[in-house]
1. Normalising by the residue count of the range 45-153, find the relative contact order in percent from Cα pairs under 8 Å and 6+ residues apart.
2. Please give the per residue accessible area of the chain, computed with a probe of 1.4 Å over protein heavy atoms only, in Å².
3. Counting only protein heavy atoms and a 1.4 Å probe, tell me what percentage of the chain's accessible area is made up of carbon and sulfur.
4. Within the range 181-211, list the chymotrypsin sites (Phe, Trp or Tyr not before Pro) lying in a DSSP loop whose Cβ has at most 13 other Cβ atoms in a 10 Å radius.
5. Have a look at 51, 94, 27 and report the one farthest towards the positive end of the charge dipole of the range 24-109, computed about the Cα centre with Cβ charges (Lys/Arg +1, Asp/Glu -1).
6. Under a 1.4 angstrom probe, counting protein chains only, how are 47, 121 ranked by accessible area, largest first?
Amino acid sequence: SWGGQVSLATVGAGMTFPLIRVVATDLAGNVSEAGVRVAVDKRYTIDTALTASNIQAGTSLSVVCSVRLSSQPVADVPVQVEIYPPIADVTETATGVNVTPTTAGYYLARCLTQDGGAQDDEGVWFTVAPSDVAEVVTVPEVSQAAAGERAYVACDAYDAYGNPVLQPDGLGISVTDNVEVTDVGGGRFSLIATFVGSYIATCTLDNLTDA
C-alpha cells in the first residue's frame with residue numbers, strides 16, 4: 001500500500017474540481033493508474049457587521065468586514081465599504097470603516113473585497129436619529145389677524161445639524177398679555193387676541209428660546 005498527500009496550493013481561486021491522477025509501478029514493472037476528481041472550494045465570502053444599529057446624529061459607529069476563504073476566516077484580504085446614502089465623515093480601519101453621520105435617516109452599509117471579487121449582497125441597515133434639540137423656531141401662519149380671529153403658530157425644533165426634531169417634550173410658546181393660547185398638538189398653537197395691537201409670540205423649549 002502507499003499513502004501520500006496532494007497540495008492544493010496551485011489550485012485556482014473559486015469552486016473547482018481538479019482531477020488527481022496517480023500512477024503506480026510495482027517491482028515487476030507492472031503499471032496501474034487511477035484518478036479521482038475532488039471538489040476544492042477556494043471562494044472568498046464577506047460579511048458586514050455594525051457596532052451599533054441605532055445612533056444619534058453626530059455619534060460614530062464602526063462597520064466591520066469579515067472575510068472567509070473556504071469557510072475559514074482570513075485577515076490579510078483588503079476590504080472596502082459602500083454606504084448609501086453616502087456619509088462625508090468616514091475613516092478607514094484595518095477591518096472596515098468608522099463613520100460619523102450627521103443627517104438623520106436610514107443607511108445601508110455593505111462590505112466588499114478591494115478587488116470586488118466578493119461582496120455582501122444584502123448588507124446591514126442602521127438608523128440615525130436626530131440629536132438633542134439645539135434650536136427652536138417660531139413660524140406664524142399669518143402675520144396679521146382681525147380682533148377675535150384665531151391665528152396659528154408652529155414651533156419647529158432642530159438639532160445642531162439641522163435635523164428636524166418632531167414634537168420634543170417641553171415645547172411651548174410664550175406670548176404677550178391678553179392673548180388666548182391653545183396647544184392644538186403637533187407643535188402648533190392657536191392664538192386669539194381680542195384687542196387691536198401688536199403681539200409677540202416666541203417658541204421655547206426648556207432653556208432654549210427662539211432668538
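1. This gives 29 percent for the range 45-153.
2. So the chain comes to 65 Å² accessible per residue, rounded to a whole number.
3. Roughly 50 percent of what the probe reaches on the chain is carbon or sulfur.
4. Here the sparse-neighbourhood loop sites are 195.
5. Farthest towards the positive pole: 51.
6. In descending accessible area the options line up as 121, 47.
The values are calculated or read from the model by the stated rules, or taken from the named source; none is laboratory data. Every value quoted in this text rests on a predicted model; they were computed, and no experiment measured them. In this analysis, Cβ positions are derived from the backbone assuming ideal geometry, glycine residues included, and neighbour counts consider all displayed protein chains. Areas reflect the complete protein model, heavy atoms only, side chains present, ligands, DNA and RNA absent. Shrake-Rupley method; radii C 1.70, N 1.55, O 1.52, S 1.80 Å.
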